[in-house]
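The values are calculated or read from the model by the stated rules, or taken from the named source; none is laboratory data. Model, not experiment: these values are computed from the prediction. Methodologically, a virtual Cβ is constructed for each residue, glycine included, from the backbone with ideal geometry; neighbour enumeration extends over all protein chains shown.
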Amino acid sequence: MPVIIARLVLPAGQIADYLDHAAKLVARTQDEPGCNTFTFTRDALRDDTLWVFEDWATEADMLNHQAAAHVREFLAATAHFPLRESAIKKFNITSVEILA
């Protein structure tokens, strides 16, 4: 099960506009086959930082998502945002224990 966690740093004044674009991507992605979780969220302490969390049932589901037209549309629509920093990590999870 692939999980992706990404940290994106943008100018604080542009976060709301970026999230407007992200909301469209999230709405379409959450309906994709194999999507367990897909969301963008603001950092609790840094007003210039967003976190992206993706949880996919299979590698194929994640790859299909990455090739989807709505992902290309999102990337094109957000290309003009000055990304100051990014860190993207992919985890391959072999087991999950539900705690609550």
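Kindly evaluate His80 against the criterion of being free of Cβ contacts under 8 Å to residues at least 40 places away in the same chain, surrounded by fewer than 11 Cβ atoms within 10 Å (Cβ to Cβ) and either at positive phi or not hydrophobic (A, V, I, L, M, F, W, C) (or both). Yes: the conditions hold for His80.
Residue pairs whose Cβ atoms lie under 9 Å apart, separated by 6 or more positions or on different chains, with the first residue in the stretch 10-38 and within 21 Å of Ala69 (Cβ to Cβ) and the second surrounded by 11 or more Cβ atoms within 10 Å (Cβ to Cβ) and basic (Lys, Arg), are Leu19/Arg42. Within the stretch 48-61, one or more residues are exposed (fewer than 15 other Cβ atoms within 10 Å of the Cβ), modelled with pLDDT of 95 or more, aliphatic (A, V, I, L, M) and over 12 Å from the mean Cα position of the chain (by Cα).
Looking at Ser95, Ser86 in this structure, which one is at pLDDT 95 or above and of a type in the set (Ser, Thr, Tyr)? Going through Ser95, Ser86 in turn, the sole match is Ser86.
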